[in-house]
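Please treat every number below as a calculation from the coordinates, not as lab data. What you see is a predicted model, and the numbers here were worked out from it, not measured in a lab.
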């Protein structure tokens with residue numbers, strides 16, 4: 001049986017890869033040439049990110065079980081909500097038409113798509129802040145306390161940037177790095 005901390009490390013690594021690929025895709029593909037391929041790849045990456053967050057959340061639940069910290073439970077709960085929202089974003093994104101309709105008011109599906117993505121961004125940011133606090137609180141139980149401290153700072157920084165919605169691209173880069181570090185920290189418990 002796979003240990004929950006190993007699942008957390010695998011989930012963090014999957015989330016990091018998905019976040020990094022999403023960022024690269026958004027960075028280099030300004031105007032998607034093949035829109036149907038673009039939406040399918042985005043659907044796959046969003047679903048992959050949801051699976052990664054789901055697995056990472058199991059690692060944070062284990063923080064609660066072993067160390068008795070509230071932020072482990074909060075990280076698990078917010079991670080579950082964020083993963084459900086990522087799955088919802090993937091589904092809404094794939095059923096939203098790929099072309100722009102220039103009518104006023106816009107169809108309801110575009111409004112739903114906007115609000116689901118905004119909620120997703122908010123919960124993803126809050127989840128990062130909570131995971132950062134969990135890493136800060138557990139640094140003394142970790143074999144690599146400095147790495148846990150750096151991971152904590154990166155998670156909080158990425159969460160704050162994602163919550164500000166000022167520049168989600170910077171938040172995605174910070175999220176990528178913090179998730180890579182979190183996968184290493186999970187293996188050090």
note = The helix 35-67 Cα axis meets the longest alpha-carbon principal axis of the chain at an angle in degrees, between 0 and 90 and rounded to 10, of 20 degrees
query = Angle between the Cα long axis of helix 70-95 and the longest principal axis of the chain, 0 to 90 degrees, nearest 10?
reply = 20 degrees
request  = Could you tell me how many degrees, from 0 to 90 and to the nearest 10, lie between the Cα long axis of helix 4-28 and the main elongation axis, the longest principal axis, of the Cα atoms of the chain?
outcome  = 30 degrees
